[in-house]
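Quick notes on the structure that follows.
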Amino acid sequence: MQPAIHHSWNISEQEAIALQKDLASKVIRTDQLDPVKLVAGVDVAYSKHSNTLVAAVAVLDAASGELLETVTIQDQEQFPYVPGLFSFRELPPIIKAFEQLSSTPQLVVCDGQGLAHPRRFGLACHLGVLFDIPTIGCGKSRLIGQETEPGKERGAMTPLVDEDEVIGAALRTQTGIKPIYVSIGHKISLSTACQWVLELSPNYRLPETTRLSDQAVRKVIKDLEMGTP
């Protein structure tokens with residue numbers, strides 16, 4: 001897979017913020033999905049002992065949940081740690097991983113935010129706009145916004161609101177377990193994004209797309225830190 005839009009990654013913090021504001025206008029907040037046969041998850045992990053980061057893309061069969069393909073990429077941090085600008089650190093290796101996929105997913109679930117971001121342009125939006133592909137932001141924790149506690153049962157959800165705008169949802173994927181935060185990335189509505197995250201989370205708090213991509217990056221990081229070639 002190749003990005004539909006290209007831009008420089010060697011930019012300043014101020015230039016990155018300006019780029020986010022510009023690209024945010026391209027985010028599509030309605031359903032424009034083709035039939036989803038393959039769904040991918042992306043995750044990034046950082047080495048504790050160097051400036052190495054590892055990105056993974058895990059592709060699953062949407063119907064069965066079977067893991068079909070995993071690509072991992074090792075890269076070096078190029079952009080500083082700045083809250084709200086994580087996509088400029090994490091997308092370069094993610095893009096390299098997508099370029100090595102032999103399959104083409106119709107939907108991508110990101111371990112991070114989409115619209116639930118100060119400039120309405122988290123990593124899920126950035127990835128979706130660059131590849132012109134439907135994406136979902138699925139965060140373990142909240143970046144911004146406020147919500148009321150959803151009901152305790154699986155499937156309960158409440159809106160995540162910032163400045164009187166609904167930017168996502170707190171979604172309970174397992175009964176009695178902490179909710180996760182779902183938001184639009186690109187070419188998908190919030191209600192459809194929540195349906196997909198719930199469907200991809202049959203047994204655990206996090207969707208299988210996130211769990212399997214997380215396992216992939218953790219294995220590479222562990223091998224690196226143990227000195228395994």
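Summary table below
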{"read-out": "Among residues of the stretch 184-204, those that are out of contact with any helix residue (DSSP H, G or I) (no Cβ under 6 Å at 6 or more places or on another chain) and either touching a residue at least 40 places away in the same chain (Cβ under 8 Å) or part of a helix (DSSP H, G or I) (or both), counted", "value": "14"}
{"read-out": "Residues of the stretch 79-132 satisfying the condition of being assigned to a loop (DSSP other than H, G, I, E, B), touching a helix residue (DSSP H, G or I) at 6+ places or on another chain (Cβ under 7 Å) and under 13 Å from Ala40 (Cα atoms)", "value": "Asp111"}
{"read-out": "Subset of the stretch 143-159 [at negative phi and not in a strand (DSSP E or B)]", "value": "Leu143, Ile144, Glu147, Thr148, Glu149, Pro150, Gly151, Lys152, Glu153, Arg154, Ala156"}
{"read-out": "Any hit, the stretch 183-192, residues being of a type in the set (Ser, Thr, Tyr), touching a Phe, Trp or Tyr at 6+ places or on another chain (Cβ under 9 Å) and over 19 Å from Ile17 (Cβ atoms)", "value": "no"}
{"read-out": "Matching residues in the stretch 143-183 - criterion: being acidic (Asp, Glu) and in contact (Cβ under 8 Å) with a residue 40 or more places away in the chain", "value": "Asp162"}
{"read-out": "Any hit, the stretch 154-175, residues being buried (at least 21 other Cβ atoms within 10 Å of the Cβ) and closer than 24 Å to Gln2 by Cα", "value": "no"}
{"read-out": "Count - residues of the stretch 42-71 that are touching an Asp or Glu at 6+ places or on another chain (Cβ under 9 Å) and acidic (Asp, Glu)", "value": "1"}
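None of the figures in this text is laboratory data; all of them are computed from the coordinates on show. Fair warning: this is a prediction, and the values are worked out from it, not measured in the lab. Cβ atoms come from the backbone with ideal geometry, glycine included; neighbour counts cover every protein chain shown.
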